[in-house]
Amino acid sequence: MGSGMARNLLRAGFEVSVYNRSRAKADALALAHAGARVADSPAEASRHCDAVITMLADDPALEQVVFGEHGIASALRKDAVHISSSTISTAMARRLAAEHAKRGQGFLSAPVFGRPEAAEGKKLLVVVAGADELVRRCSPVFDAIGRQTFVVGAEPWQANAVKVCGNFMIASMLESFGEAFATLRKANVPQQAFLDIMSTLFASPVYSNYGHFIVDGKFEPAGFALHLGLKDVRLVMQTAEECSAPMPIASLIHDQFLSAMAHGQADLDWSSVARVSARNAGLE
């Protein structure tokens, strides 16, 4: 995801410094795009910039990159902005906002919807929350990485609440597809015929694309790994608890993802959760 976003920033004419915990990925980006400069640490990448974007797997990874030795917080100049595009907890977003404010630094949450190919094709949906002035200042960045930007609140954590609820909706769709396909397989109805009907009924690339992954059993390479999907279901349940809002379907999906994990699917695409329903129906 981060590589595609960085390439689109370079294409839009931004000066870009990149840091990745796996140096080879950053070097590959610099080789392919001469304008990218590779930094040796998050601090080095952040020191002279107007904005730094983070795209990391989870709260612990982001905490290390921001607050660890040679982290972003130690080097980002006053009035520069940290834009967090990671899918993280609302609690982490609130901590980031508070810590950056103490240092006179800006902070926006701007998670995105889309798979790696959407990041590469500048087709991400960007969900932003934070101070109006910071949102306006950073809007050229959002225009460079995505096809549409949605501003959802004045508090950064609100964007993270939207993101985890959105991923919950996608996970619910994957679970529903898995259950429906298992039933239709036992009814000897072609899965592709059902997918064609549903893609027409819902007219959504999300339904069409994920439905094809399940019909074709194409779960590798993972565009979004199942273990990250489980992490996001946990995050939406945490958010629901903070808000005293029951989400019983989220609890069911959590258990389905756990079952998939127990069957060795952690690194497969999260659409492979459909295999759980197939197994429950006695199917291969």
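Hand me the list of helices (runs of 4 or more DSSP H) wholly inside segment 197-284 holding 3 or more residues that are closer than 20 Å to Ala182 by Cα.
In segment 197-284, the matching helices (runs of 4 or more DSSP H) lie at 205-216, 248-262, 274-280.
So which residues in segment 228-279 are within 21 Å of His212 (Cα to Cα) and among the polar types (S, T, N, Q), if there are any at all?
Gln256, Gln265, Ser271, Ser272, Ser277
Being in contact with a Cys (Cβ under 9 Å, 6 or more places away or on another chain), aliphatic (A, V, I, L, M) and buried (at least 19 other Cβ atoms within 10 Å of the Cβ) narrows it down to one residue among Val66, Val112, Val141, Val128; which is it?
Being in contact with a Cys (Cβ under 9 Å, 6 or more places away or on another chain), aliphatic (A, V, I, L, M) and buried (at least 19 other Cβ atoms within 10 Å of the Cβ) holds for just one of Val66, Val112, Val141, Val128, which is Val128.
Residue-wise test of (1) more than 16 Å from the chain's Cα centre (by Cα); (2) free of Cβ contacts under 8 Å to residues at least 12 places away in the same chain.
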site: Arg147; (1), (2): no, no
site: Val151; (1), (2): yes, no
site: Ala171; (1), (2): no, no
site: Thr183; (1), (2): yes, no
site: Thr200; (1), (2): yes, yes
site: His212; (1), (2): yes, no
site: Asp232; (1), (2): no, no
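Among the residues of segment 117-139, is any touching a His at 6+ places or on another chain (Cβ under 9 Å) and closer than 22 Å to Asp50 by Cβ?
no
Given the structure, is Arg37 under 30 Å from Glu220 (Cα atoms) and modelled with pLDDT under 95?
no
From the residues in segment 185-194 that are of a type in the set (A, V, I, L, M, F, W, C) and part of a helix (DSSP H, G or I), which one is nearest to the chain's Cα centre (by Cα)?
This residue is Phe194.
For (1) without any contact (Cβ under 8 Å) to a residue 24 or more places away in the chain; (2) within 30 Å of Val206 (Cα to Cα); (3) in the same structural domain as Ala12 (by TED's automatic domain parsing); (4) among the small types (Gly, Ala, Ser), each residue gets a yes or a no:
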{"residue": "Asp79", "(1), (2), (3), (4)": "no, no, yes, no"}
{"residue": "Ile83", "(1), (2), (3), (4)": "no, yes, yes, no"}
{"residue": "Lys102", "(1), (2), (3), (4)": "yes, no, yes, no"}
{"residue": "Leu108", "(1), (2), (3), (4)": "no, yes, yes, no"}
{"residue": "Val112", "(1), (2), (3), (4)": "no, yes, yes, no"}
{"residue": "Glu117", "(1), (2), (3), (4)": "no, yes, yes, no"}
{"residue": "Lys123", "(1), (2), (3), (4)": "no, yes, yes, no"}
{"residue": "Ala129", "(1), (2), (3), (4)": "no, yes, yes, yes"}
{"residue": "Arg136", "(1), (2), (3), (4)": "yes, yes, yes, no"}
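Run down Pro221, Pro205, Pro246 and say which single residue is without any contact (Cβ under 8 Å) to a residue 60 or more places away in the chain and closer than 26 Å to Leu283 by Cβ.
Being without any contact (Cβ under 8 Å) to a residue 60 or more places away in the chain and closer than 26 Å to Leu283 by Cβ holds for just one of Pro221, Pro205, Pro246, which is Pro221.
In segment 159-216, how many are among the aliphatic types (A, V, I, L, M), in contact with a helix residue (DSSP H, G or I) (Cβ under 8 Å, 6 or more places away or on another chain) and closer than 16 Å to Ser271 by Cβ?
Looking only at that region, the number is 11.
The values are calculated or read from the model by the stated rules, or taken from the named source; none is laboratory data. Treat the numbers as computed from the prediction; the structure is a model and nothing was measured. Because the Cβ atoms are built from the backbone with ideal geometry, glycine has one as well, and the counts that use them run over all protein chains shown.
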